[in-house]
Amino acid sequence: MNTTADGEYRATGYAWYVLSILFVVYILNFIDRQVISILAEDIKRDLNLRDEDLGFLYGTAFGVFYALFGIPLGRLADSWHRVRLISVGLALWSTMTALSGLSRTGGQLAAARIGVGIGEATASPSAYSLISDYFPKKLRGTALSIYSAGIYVGAGISLFIGGLIVQSWNAAYPDGGPFGLAGWQAAFLAVGLPGIIFAIWIATLREPVRGLSEGLAQPPHPAPFKVFFEELLTIVPPFTLIGAARQGTRTLLWNLVAAAVTIGAVALLVAFGEPLPQWAAVGIGCYAVFSWASALRLRDAPTFALIVGTPAFLCTVVAYGLNAFLSYAAGFWAAPYAMRELGVTPAEAGLILGGMGAVSGFLGVTFGGVMGDRLRQRHAGGRLIMVALGAVVPVPFLAIGFTADTPIVLYACLFVAQFTASWGLGNSAATTQDLVLPRMRGAATATYFIGTTLLGLAMGPYLAGRVSSLTGSLSTGMLSLLVTTPITLAAAIAAFRLVPAAEASREDRARAAGETDFS
């Protein structure tokens, strides 16, 4: 990071190089996360699964543990070497993706998806923090939007590669290929193994001084892994009981009450016929987040105050979390809908949906980031305008697309829906970063991703699949999710109104909560 003649920080060429590498990491992240979409029909047939099971595998099994481990790993990103953390995480999730290709049952595939989720939880907290240190505030929304565009490029590539591999493999080996592998298993192996090699390249990046871009340089943390393991005790059941007991009798009692309420709610849902794996996983996630937040309030009051205790932050998380609720569901079910309802082949679905998704998402998230940065110059909450638009504009196109009876209508509607929905991603992420101190960025990012996982990824794809299983109509499953749009819009409007005051009072509120180090 260099300074201009008037003392302002500017992004160097190396900063843009780092951003490009992190962009590739996020591409690999979403290739491994999203490839299951184009493979879903074959997995459903070979493992004898239902639509709700597919939604669970794609969303809940991955998303809950992504959110759960994202918090301690986010704290580790705040205190340890972020480049090393990304490198280790990439090697882990790539290995687990490859192991998905060796699965013979739905349970084995779910276990592998959990591993992918844990590995991928290292990436964005570290990347967001690195980008925030390499780029000044005025470029942060643009930089984070470019990084976030890896979502759409990776998802698009995954559909193209996955569709091509599964169709070619099944044509060449109709009764099973080498080692008895089906086409979907070969696809998992093909997209997972390269990431293990790329992890070595990531390790060569330079670690910047934390907080330098804002003149708040932070010294290295003396015991980063102690903080990490302490965080695990607050969020990974049943170790949460140990962590709560260390905070005192009152905290332990509240923790036990939360656990009992969670167990009761899950039991009630199961009694009404809901599947145990889905709601047990969601229950674990909700309980774990409560446990972590309770502990954070006692252990790090300033971080709690600027994240959990800031309504502007929470409204931003809810606004984009519900945006992701629709986006993840549409992204996962588009390919099965095209193949099942419109007779499209896997290769065609992968090529067209993947290619269009990559282009529309990249253009949309970049356009949204640039526009959000410009709107922020006029109003401190300006980025939330793009978040609100990203929640509302896609709705009619999703409704038309998932009732289409010709592929061209589906493709056109999904292109527009994804282009506009992606406006909110970089802007909501940049808003959360602006609301916290530099040392809190990893934890803020992890908290932000709770919204996009517990609200979005863990619920959207599953609920669409559940309604589809009950009604026999994938269209009905997708359309049922649109009822959340008014809530998304209300949260975005509330965040727009609350962010200016919250950002202006950031240091004062942190100081009032006990923060002393502003160097």
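The values are calculated or read from the model by the stated rules, or taken from the named source; none is laboratory data. No experiment lies behind these values; they were computed from the predicted model shown. Note: ideal-geometry Cβ built from the backbone for every residue, glycine included; neighbour counts use all protein chains shown.
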The residue that is farthest from Ser100 (Cα to Cα), considering only those in the stretch 32-83 that are hydrophobic (A, V, I, L, M, F, W, C) and outside any helix (DSSP H, G or I), is Trp80
Would you check if Tyr328 is over 26 Å from Val261 (Cβ atoms), buried (at least 21 other Cβ atoms within 10 Å of the Cβ), touching a residue at least 40 places away in the same chain (Cβ under 8 Å) and touching a Phe, Trp or Tyr at 6+ places or on another chain (Cβ under 7 Å)?
no
In the stretch 169-188, the residues that are small (Gly, Ala, Ser) and either crowded, with 21+ Cβ neighbours inside 10 Å or under 14 Å from Leu99 (Cα atoms) (or both):
Ala182, Gly183, Ala186, Ala187
Consider Thr240 against the criteria (1) farther than 30 Å from Ser20 by Cα; (2) surrounded by fewer than 21 Cβ atoms within 10 Å (Cβ to Cβ): it satisfies all of them except one. Which criterion is unmet?
(2)
Can you name every residue in the stretch 458-477 that is in contact (Cβ under 8 Å) with a residue 40 or more places away in the chain and either crowded, with 24+ Cβ neighbours inside 10 Å or under 16 Å from Met339 (Cβ atoms) (or both)?
Ala458, Met459, Gly460, Pro461, Tyr462, Ala464, Gly465, Ser468, Leu474, Ser475, Gly477
Mind checking which residues of the stretch 368-400 are closer than 20 Å to Ser480 by Cβ, in contact (Cβ under 8 Å) with a residue 40 or more places away in the chain and surrounded by fewer than 24 Cβ atoms within 10 Å (Cβ to Cβ)?
Val392, Val395, Ala399
Among Phe518, Phe496, Phe449, the single one that is of a type in the set (Phe, Trp, Tyr), touching a His at 6+ places or on another chain (Cβ under 9 Å) and either modelled with pLDDT of 95 or more or on the phi < 0 side of the Ramachandran plot (or both) is Phe496
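Hey, can you tell me all the residues within the stretch 148-173 that are in a helix (DSSP H, G or I), modelled with pLDDT under 90 and closer than 21 Å to Gly89 by Cα?
Result: Ser148, Gly150, Ile151, Tyr152, Val153, Ala155.
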Mind counting the residues in the stretch 331-354 that are crowded, with 24+ Cβ neighbours inside 10 Å and in contact with a Phe, Trp or Tyr (Cβ under 6 Å, 6 or more places away or on another chain)?
3
All but one of (1) at pLDDT below 95; (2) farther than 30 Å from Arg10 by Cβ; (3) of a type in the set (A, V, I, L, M, F, W, C) hold for Leu216; which doesn't?
(2)
Residue pairs meeting the criteria (Cβ under 6 Å; at least 6 apart or on separate chains; first touching a residue at least 40 places away in the same chain (Cβ under 8 Å) and of a type in the set (S, T, N, Q), in the stretch 43-65; second buried (at least 19 other Cβ atoms within 10 Å of the Cβ) and in a helix (DSSP H, G or I))
Thr60/Gln278; Thr60/Ala281; Thr60/Tyr462
Across the stretch 189-212, the tally of residues that are among the basic types (Lys, Arg) and either surrounded by 14 or more Cβ atoms within 10 Å (Cβ to Cβ) or in contact with a Cys (Cβ under 7 Å, 6 or more places away or on another chain) (or both) stands at 1
Condition first: closer than 28 Å to Leu463 by Cβ, β-branched (Val, Ile, Thr) and either in contact with a Leu (Cβ under 6 Å, 6 or more places away or on another chain) or outside any helix (DSSP H, G or I) (or both). Now tell me which residues in the stretch 236-285 satisfy that.
Val236, Val270
Being assigned to a helix (DSSP H, G or I) and under 20 Å from the mean Cα position of the chain (by Cα) is the requirement here; does Phe313 meet it?
yes
